[in-house]
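The values are calculated or read from the model by the stated rules, or taken from the named source; none is laboratory data. What you see is a predicted model; the values in this text were computed from it and never measured. Here the Cβ is made from the backbone with ideal geometry for all residues, glycine too, and neighbour counts use every protein chain on show. Side chains included, ligands, DNA and RNA excluded: accessible areas come from the protein's heavy atoms. Shrake-Rupley method; radii C 1.70, N 1.55, O 1.52, S 1.80 Å.
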Amino acid sequence: MAGEELVSHLSELTARLRRALISIVIAFIFSFGFGIKIIKIGRDPYIPIPYPSIDNSISTMLVNKFMNVLLPHQIKLISIGLFDPLYASIEVSLLIAVAVSLPIFLWELWGFVAPGLYEHEKRLIKASIIPSMILFIAGAAFAYLVIIPVMLKFFLIYDEALGVEPTLSIKSFIGTVVSFMAAMGLGFQLPLVMAGLTRIRAVAANTWRRNWRWGVLISFVFALIVSPGTTGGIIETTIGITLSLLYVIGMLIAKAIEPKPREKI
């Protein structure tokens, strides 16, 4: 019976993962192979209509948006490899697909683990879904508005100091933008993870406070890992300080929501 139950759970997990992956594939195909045209039909208001397009797809429009907003006008984008523009569009399509499919993935994951959770654990997970998405968006926006522009300005300063023409491959540019937005989106989950572990009594709030030095150290190690290392420490310091502040925020939240000790009988 135990073997049959295990096979049943694995079959359910496989089915749920398949549905989640299918949603990612559909979102990827749509963002990579379709564009959006705003048209007016009769007296109806302007409505968006998708149409098949690769050269003017959603991902291509987003690549152009990144180029126009983030890239200083002195830097010239070049295509080194034959398929570099295609790879750039693919990376952006993957970012869009993961972001769009995240609610479906979380829903399938919830459907699999929910039967084995206690009621208070179910309430905790439900309450953390929206904050998690908000923190991810905040982290991606922080990378988009602060980290990447500063890094590109340093890139330009070094080029001008050396007297070389500032050029950047489109593959490197888009890869940097996507990786930084994803990394900072995950990094901003730190307060939520800390609060959740304390809420389920896995880590006491005082443990976060006693080990704050380790939290700061890990924040700066993370900053060193994700940063390009070409900005004289500015980017690394900015990311490290930001994550350290998030650690402090998580520590305070954990202290505020920590369950009271169980009374001994």
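Pull up the stretch 168-197, narrow it to residues that are of a type in the set (S, T, N, Q) and within 26 Å of ILE130 (Cβ to Cβ), then point me to the one that is surrounded by the most Cβ atoms within 10 Å (Cβ to Cβ).
Of all residues in the stretch 168-197, those of a type in the set (S, T, N, Q) come to 169, 172, 176, 179, 189.
If we keep only those that are within 26 Å of ILE130 (Cβ to Cβ) as well, we get 179, 189.
Working: SER179: 15, GLN189: 18.
Residue satisfying both the conditions and the ranking: GLN189.
Scan TYR51, TYR46 and give me the residue that is aromatic (Phe, Trp, Tyr), open to solvent by less than 80 Å² (accessible area, probe 1.4 Å) and without any contact (Cβ under 8 Å) to a residue 60 or more places away in the chain.
Working: TYR46 fails: open to solvent by less than 80 Å² (accessible area, probe 1.4 Å).
Result of the check over TYR51, TYR46: TYR51.
How many of the residues making up the stretch 23-40 are in contact with a helix residue (DSSP H, G or I) (Cβ under 9 Å, 6 or more places away or on another chain) and open to solvent by 70 Å² or more (accessible area, probe 1.4 Å)?
Within the stretch 23-40, residues that are in contact with a helix residue (DSSP H, G or I) (Cβ under 9 Å, 6 or more places away or on another chain) and open to solvent by 70 Å² or more (accessible area, probe 1.4 Å) number 4.
Against the conditions (1) open to solvent by less than 60 Å² (accessible area, probe 1.4 Å); (2) closer than 25 Å to ILE24 by Cα; (3) modelled with pLDDT of 85 or more; (4) not basic (Lys, Arg), where does LEU106 fall short? Just the number, please.
That leaves (3) as the condition not met.
Give the residue, chosen from LEU135, LEU156, LEU145, LEU152, that is under 11 Å from the mean Cα position of the chain (by Cα) and closer than 25 Å to LYS65 by Cβ. Outline the logic, then answer.
Details: LEU156 fails: under 11 Å from the mean Cα position of the chain (by Cα); LEU145 fails: under 11 Å from the mean Cα position of the chain (by Cα); LEU152 fails: under 11 Å from the mean Cα position of the chain (by Cα).
From the options LEU135, LEU156, LEU145, LEU152, the qualifying one is LEU135.
Out of all the residues in the stretch 75-96, which are open to solvent by 20 Å² or more (accessible area, probe 1.4 Å) and part of a loop (DSSP other than H, G, I, E, B)? Working first, answer last.
Of the residues in the stretch 75-96, the ones open to solvent by 20 Å² or more (accessible area, probe 1.4 Å) are 76-83, 85-87, 90-91, 94-96.
SER79, ILE80, GLY81, LEU82, PHE83 - these are the residues of the stretch 75-96 that are open to solvent by 20 Å² or more (accessible area, probe 1.4 Å) and part of a loop (DSSP other than H, G, I, E, B).
If you check GLU160, GLU119, GLU165, which single one turns out to be closer than 22 Å to SER227 by Cβ, acidic (Asp, Glu) and exposed (fewer than 15 other Cβ atoms within 10 Å of the Cβ)? Step through it out loud before you land on a result.
On the way: GLU119 fails: closer than 22 Å to SER227 by Cβ; GLU165 fails: closer than 22 Å to SER227 by Cβ.
The unique qualifying residue is GLU160.
Before we move on, is VAL100 under 26 Å from the mean Cα position of the chain (by Cα) and farther than 24 Å from PRO149 by Cα?
Working: under 26 Å from the mean Cα position of the chain (by Cα): yes; farther than 24 Å from PRO149 by Cα: yes.
Yes; evaluated as a whole, the condition is true for this residue.
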